[in-house]
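For reference, the structure discussed in these notes is given below.
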Amino acid sequence: MSNLFGNQNMEGAGAYGGGKAGGAFDPLSFIQRPHVILRAACWLFSIIVFGCISSQGWQPNKDNKMVCLYNEDTNACNYGVGISVIAFLASLVFFVGEYLFEQMSSVKTRKHYVLADLGFSGFWSFLYFVGFCYLANQWRKSATPENGIGVNNVQAAIAFSFFSIFTWGASAFLAFQRFRQGSDAAFATNYEADNVMPTSYPSYPGGPETDQHYQEPPFSTGPNSRGPADFQAPAY
């Protein structure tokens, strides 16, 4: 998965898996990003869920009163529509966020966006899981509508609620990969900076800047040589 993002550094641009800030915008490259593809799927599935429930999820009963087809549970219809409408709006926000992500030169701003993406996507995946279980359970208890009106719609809403669990979950996973990449890069940068060792040591104050090799004095002492300590006064 790390290959999706490439190796980026934390020095300003390129952090958290994004491209360098200020670069040219490439529409083809943008729509091919895994984050954008998943957002498109989340956006489409949310439209299907709230569209199916809103259009035929409510039908008149024997008393000519509009009831929810999910076992006449008003909360079931409202829950499905509610989480899907919010998912629809959030997908649009994250679309814009993905476009602006490349323009964010601040590492802290990118980090906040990634954390928001991770938290919201993970939470909404959980809400869709709850919604799928809730709608499926209520539909199992429901009586078949007269003439089968609305059956396909409520079943489609259940199915795409199930699919949405994985699209939002995958979005959360990619956001976690972004966050982990940014954290690893920050740790590596700080670790390398703390462990830089000097390649050379300064000479003592007033000493020469370059090393000088030790040389023996021109009159070295040896077994057959006399030094200052061996001097003898001449005898007269």
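Structure notes:
- Between amide H atoms placed 1.01 Å from N, distances below 5 Å from Val67 occur with Gln59, Asn61, all of them 5 or more places distant or on a separate chain.
- In sequence order, calculated HN-Hα J values of segment 80-89 (Karplus, 6.51, -1.76, 1.60; Hz; x Gly/Pro): x, 5, x, 5, 6, 5, 5, 5, 4, 5
- Burial ordering of Lys111, Lys62, fewest other beta-carbon atoms within 10 Å first: Lys62, Lys111
- Summed side-chain charge close to Ala175 - residues other than Ala175 whose Cβ falls under 14 Å, Lys, Arg +1, Asp, Glu -1: +4
- Across segment 38-184, Cα pairs under 8 Å and at least six residues apart give a relative contact order of 38 percent.
- Label point distance in nm, Leu92-Phe123, each placed 7 Å from Cα along Cα→Cβ: 2.0 nm
Only the coordinates and a few stated rules stand behind these numbers; no lab work does. As the structure is a prediction and not an experimental result, all values here were calculated from the model. Every residue, glycine as well, gets a Cβ built from its backbone with ideal geometry; the counts of neighbours run over all protein chains shown.
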